Amino acid sequence: GELQTHQRGATISTDHWPFLYLQSRTIPIPIIGVVILFLTFSLGLLRRRIPVPQLASAQNMHLFLLGAGFMLLEAKAVTELSLLFGSTWIVNAVVITAFLTMGLLANTAMMFWRGSRTLSYSILFALLAADLLVPYSLFNVLPAGLRTIVSGGFVALPVFFSGLIFSQAFRDVTGPGEGLGVNLMGAVIGGVLENTVMVGGTPVLGLLAIFLYAASLLCLRGDIVAFATSWYRSHASSRL
């Protein structure tokens, strides 16, 4: 009787929510606790090293959001390729190899081409939208070797264009050390947002990635930075 009760209350695993070890769409409490502690110490350290107004500059916010978006792409790739190869070391090997290859190609391309942010963003958004629509079951009909190459290339192709955008942004930074630190902090926040996949499934990661990259595009125009700076100043004055 107790087993049947648990079965009726459990959420059925699907391709978009492939979590056999979770009973429902929720983030386990221990993970939430660790995330809160980690963010508290990380953000505290960052504020001591970089003043908030300086952190909210267009350049830094752009790099921050690029870092967060990249981590969501990685989490989405690992989760989706586990549908093809199972939750084994093969998935991590394919994702890491594909991402590093695309990153290397992007950096190499920037050595010979100054790049176009408009073109890179346009293709990046198109690929992220296509990834939301294409079912990964289509790759199962391919032979093992070809399936690895095609699926790995498909999930990693957005990284090539996000890499072009990052290379252009990092080339223009005045303080490379600060820029890299802000980008890595963005990756930390992206790692935190990865946990939303346990609630909304893989489509949530894709939608969040689109949102973050769109926000990074707005940073180039200064819109989101102006809003963040205005909010911080009004919040700081109200505390005084």
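Readers should treat all values here as calculations from the given coordinates under stated rules, not as data from a laboratory. Just so we're clear, the structure is a prediction, and the values are computed from it rather than from any experiment. Glycine also receives a Cβ, built like all others from the backbone with ideal geometry; neighbour counts cover every protein chain displayed.
Given 0.36 nm per residue, what is the gain on full extension from PHE211 to VAL134 after removing their alpha carbon distance, in nm? Let's see the in-between values first.
On the way: separation 77, 0.36 × 77 = 27.72 nm, distance 1.93 nm.
Working it through step by step, the gained length comes to 25.8 nm.
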Review point. Label-point separation (nm) for SER122 and ILE36, each offset 7 Å from Cα along Cα-to-Cβ?
Key: 4.7
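Give the peptides 99-109, 195-205, 209-219, 63-73 in descending order of average Cβ contacts within 10 Å, highest first.
Values: 99-109: 16.0, 195-205: 18.2, 209-219: 20.8, 63-73: 25.6.
With the highest mean Cβ count within 10 Å placed first, the list reads 63-73, 209-219, 195-205, 99-109.
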Study note, to complete from the structure: Here FRET efficiency (C-beta to C-beta, TRP89 to LEU142, R₀ 25 Å, nearest 0.05) is 0.75
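What is the packing order of peptides 140-147, 156-163, taking the mean over residues of other C-beta atoms within 10 Å and listing the highest first?
156-163, 140-147
If R0 is 45 Å, what FRET efficiency do you get for LEU20 and ARG114 from their C-beta distance, rounded to 0.05?
Working: r = 47 Å, r/R0 = 1.06.
With R0 = 45 Å, the Cβ-Cβ based efficiency is 0.40.
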Exercise for review: Would you mind computing, in nm to one decimal, how far apart the modelled labels at THR196 and ARG171 are, each placed 7 Å from Cα along Cα→Cβ?
Suggested key: 3.1
